[in-house]
Each structure stands twice: as C-alpha cells, then as structure tokens.
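**Student:** Got a structure for you, written out below as structure tokens; questions coming shortly.
The values are calculated or read from the model by the stated rules, or taken from the named source; none is laboratory data. None of the values given here were measured: they were computed from a predicted structure. Using ideal geometry, Cβ is built from the backbone for each residue, glycine included, and neighbour counts are taken over all protein chains shown.
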Amino acid sequence: MTVSVQALRGIHDGQRSFTVVDSDALPISSVETFLRHLAALGYSPNTVKAYAHDLADLFTWLRFRRRDWRTLTVADVGEWVAWLRLPDPARQGRIGVLPSVEPAVSERTLQRKLAAVSAFYGFHRRLDPAITLQLTRWDRGFTSAGYQPFLAHTRRQQARQEVRVRGVLRSAPEVIEAKDHQALLDGCTRLRDRFLLQLLRETGMRIGEALGLRHEDLSIARRQVAINPRLNDNGARVKRWKPRVVPAPATLFDAYARYLDEEYGDLDSDFVFVNLWAAPRGQAMTYSTARDLLLRLRQRTGLKGFTFHHLRHTYATDLIRKGTDWAIVAHLLGHASVQTTLGIYGHLTVEDARRALIAAGWLTEPLEPSEVY
C-alpha cells in the first residue's frame with residue numbers, strides 16, 4: 001500500500017519536478033497528469049513537490065481503505081482529514097488514541113492539504129464529467145447564469161469551502177529586528193554573503209530570485225533591481241514568472257560595488273552570486289549553498305529559527321508600517337494580487353494597533369517598559 005513522492009529531472013530542460021508512485025514504483029496516472037499540468041503552468045518545483053506530498057497522503061488513505069479516488073464524497077474527505085490527525089501507528093489501526101493526544105498534523109497543514117485535493121479534483125472534473133467531488137462551491141450570482149466558469153478556480157475570493165478546518169489562525173509574519181539583522185551581517189565572513197542579506201532585506205526578494213540575479217539586472221545609475229524570469233542552471237526561479245523592478249537605496253549598490261571589487265574580481269560570469277572559494281569556481285550559487293550559509297548564520301548568531309524569507313517579511317512589514325499603499329507593496333513583492341498581500345500582512349500585532357490608536361488620538365502615549373510587567 002506504500003505511496004511515495006519521487007523526484008524527477010527533465011531530459012530536455014534539466015528542470016526538477018516530482019511525481020507520486022505506488023508500491024510498484026509506477027506513477028499514479030491521475031496525479032502525474034495533474035502535476036505535469038501544474039509544471040506546465042509555471043508552478044515552482046517546490047510548489048509541485050508540496051502538492052505531490054499532499055496527494056500522496058490522499059492516495060495512501062485510499063489504498064488503506066480500498067477506495068477509488070473517482071468515487072470519493074465530501075463525507076469521505078472528512079474521514080480522510082480525521083485519519084491525517086492520527087499518529088502513524090493509529091493510522092494503521094495498530095493502537096487506539098486518547099482524546100488528549102495532540103494531532104499528528106497541524107490545522108494549517110490540513111488546510112493546505114484540503115486546498116491541494118480541491119485543486120486536484122477541480123482539474124479532473126474539467127476532463128471527466130464522471131468526476132463529481134467538489135470541495136469549492138461558488139456563490140450564486142458569480143455569473144448571470146449561476147454556473148462555474150472556466151478558470152473559476154483562479155478567483156478564490158468568490159468561493160466557499162465545503163470542508164473547512166476550524167480554528168486555523170494565520171500567525172503574523174516573523175520579522176527581523178534591527179539588532180538581529182546587524183548580528184546576521186556581522187556573522188558573515190564574506191562580502192558576498194553580507195551583500196546577499198542586504199539585498200534580501202532592502203528589496204524583499206525571495207532567495208530563489210536572488211540566486212538567479214544577473215549583473216545586468218542591477219542598475220547603479222537608476223538605483224533599481226530588475227527581477228526577470230529565466231531558466232537557470234542552478235534551478236533558481238522567479239515565482240509565477242512575473243517580472244518586476246524594485247527601487248533600492250544607494251547603500252545597497254555600495255555593498256555590491258565593494259563585493260565586486262574585493263571578492264568577485266575579473267571572474268567571467270553573468271550571475272551575481274557564484275562560488276568564489278569552493279569548486280567549481282564561478283558556478284552560480286545553488287539553493288544548497290544558500291542553505292549551508294543559513295545554517296552557519298543560525299549557529300553564529302543564535303537565531304535558530306531564522307530563514308531568508310524573514311528578511312522579505314521585514315521589508316514588507318516596514319513598508320506597511322510607514323503607510324505605503326497596499327497596491328505598491330503587492331507590486332514590489334511580486335504578489336499575484338493585493339488580496340494576497342492583505343492575506344499575509346493584514347494581521348496587526350498589539351503594538352501595531354497601539355501605534356494606530358495613538359495616531360488617531362484614542363491613546364495619549366505608548367507604555368513605559370515598567371508598565372508592561
């Protein structure tokens with residue numbers, strides 16, 4: 001009954017992808033077709049991988065229950081969700097579980113898995129009218145005829161879920177305080193690594209976008225960084241293949257110039273971030289190399305939970321706190337819509353709320369440190 005996720009590498013383009021295989025190591029055709037569809041639409045390998053793991057969980061349950069995925073009902077999906085909450089031995093029916101035992105899967109993870117399954121069935125309903133399971137219903141009045149239009153799945157704000165996990169709260173994005181950011185910079189022994197951290201903090205770029213950056217993308221005269229979608233040998237990519245240009249401060253380009261002068265030298269490469277000390281020298285820096293840097297910085301600074309994405313959150317949060325229009329923030333981050341930005345950064349902290357109330361005149365002054373305790 002074993003179902004697992006298998007990594008693949010494209011023969012022609014060398015791009016990484018994933019599929020789901022059964023106990024005979026054969027791809028599950030319905031999942032394979034769906035995942036290839038996602039890859040063709042330009043979804044990132046990591047996104048395809050996440051979908052693959054979520055669907056592998058579904059097909060593991062299907063095989064355990066001896067069910068056909070084509071005949072699933074909404075009630076069956078609810079049973080699958082309950083099964084996911086169980087620890088592995090209980091899923092196999094070997095032990096019972098007390099009510100006090102913590103779920104094996106978080107509520108947010110369950111929500112993501114439901115979204116993956118909903119997309120999977122939505123895709124197959126368009127190919128086969130015999131597939132009827134629908135986990136997303138559209139409000140009547142969405143169109144004058146009241147039917148679900150083609151590509152309706154791209155308009156999530158109009159939908160309501162048939163199966164919803166209760167009690168899922170989106171936590172506020174984690175940001176890096178100024179002193180911790182300085183500690184991270186001080187923890188860098190190379191100008192290349194220091195410039196990478198500054199770039200992520202000052203532009204809100206994703207790590208994959210930074211690793212695919214070319215020298216031509218940085219305009220010192222205009223003080224801006226262009227983020228251009230490309231197929232890169234190191235697997236780095238721009239999410240959704242959506243180009244954008246981000247203004248950046250002069251200090252960032254000062255750090256770039258120093259990096260080129262003192263470390264990069266006359267190396268012949270189009271990539272900004274390359275191997276300068278380890279072989280093969282001059283090759284574009286990979287995700288693996290970036291992760292090694294991340295682990296070293298965690299160890300040197302004691303910031304055990306730090307990720308490069310925290311710098312992106314910090315950039316966005318600073319813009320919002322300074323009153324930048326949400327549409328501008330969405331553009332600078334490369335989000336598909338303002339709703340995406342609101343969904344991530346629309347969660348105020350207590351201190352954000354306190355500052356807003358002070359500005360509105362409801363409160364007169366911030367708390368003194370001694371009043372907090």
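**Student:** Give the residue that is modelled with the lowest pLDDT, with candidates limited to residues of the stretch 41-65 that are loosely packed, with under 15 Cβ neighbours inside 10 Å and assigned to a loop (DSSP other than H, G, I, E, B).
**Tutor:** Per the stated criteria, the residue is G42.
**Student:** Then there's this: Can you tell me which residue in the stretch 300-347 is modelled with the lowest pLDDT, limited to those that are among the polar types (S, T, N, Q) and over 20 Å from the mean Cα position of the chain (by Cα)?
**Tutor:** T324
**Student:** Of all residues in the stretch 203-256, how many are surrounded by fewer than 13 Cβ atoms within 10 Å (Cβ to Cβ), part of a helix (DSSP H, G or I) and of a type in the set (A, V, I, L, M)?
**Tutor:** So the count comes out to 1.
**Student:** If the requirement is being over 23 Å from T307 (Cα atoms) and within 24 Å of the chain's Cα centre (by Cα), which of these qualifies: R230, R281, R258, R223?
**Tutor:** Going through R230, R281, R258, R223 in turn, just one is over 23 Å from T307 (Cα atoms) and within 24 Å of the chain's Cα centre (by Cα): R230.
**Student:** Yes or no: the stretch 53-60 includes at least one residue that is more than 15 Å from H124 (Cβ to Cβ) and free of Cβ contacts under 8 Å to residues at least 24 places away in the same chain.
**Tutor:** no
**Student:** When you check L38 against the structure, is it surrounded by 14 or more Cβ atoms within 10 Å (Cβ to Cβ), not assigned by TED's automatic domain parsing to the domain that holds I207 and not in a helix (DSSP H, G or I), yes or no?
**Tutor:** So L38 fails the test.
**Student:** Return the residues of the stretch 51-93 that are over 17 Å from V31 (Cα atoms) and among the charged types (D, E, K, R); say none if nothing qualifies.
**Tutor:** Within the stretch 51-93, R65, R66, D76, E79, R85, D88, R91 meet the criteria.
**Student:** Return the residue satisfying two criteria in turn: it lies in the stretch 283-317 and is free of Cβ contacts under 8 Å to residues at least 24 places away in the same chain and assigned to a helix (DSSP H, G or I), and of such residues it is nearest to D180 (Cα to Cα).
**Tutor:** The extreme case among them is R298.
**Student:** With Q198, Q148, Q224, Q182 as the choices, which residue is modelled with pLDDT under 95 and among the polar types (S, T, N, Q)?
**Tutor:** Q148
**Student:** For the stretch 24-77, enumerate the residues that are among the hydroxyl-bearing types (S, T, Y) and farther than 18 Å from R237 by Cβ.
**Tutor:** Within the stretch 24-77, S29, S30, T33, T60, T71, T73 meet the criteria.
**Student:** Under 6 Å by Cβ, and 6 or more places apart or on different chains, what pairs join a residue from the stretch 1-14 that is within 22 Å of L231 (Cα to Cα) and outside the structural domain of G235 (by TED's automatic domain parsing) with one that is small (G, A, S) and at pLDDT below 90?
**Tutor:** These pairs meet every condition: L8/S17.
**Student:** Sticking with this one: What pairs come out if I take residues in the stretch 173-201 that are without any contact (Cβ under 8 Å) to a residue 24 or more places away in the chain and assigned to a helix (DSSP H, G or I) and pair them with residues that are of a type in the set (S, T, Y) and exposed (fewer than 14 other Cβ atoms within 10 Å of the Cβ) whose C-beta lies under 6 Å away, six or more apart or interchain?
**Tutor:** none
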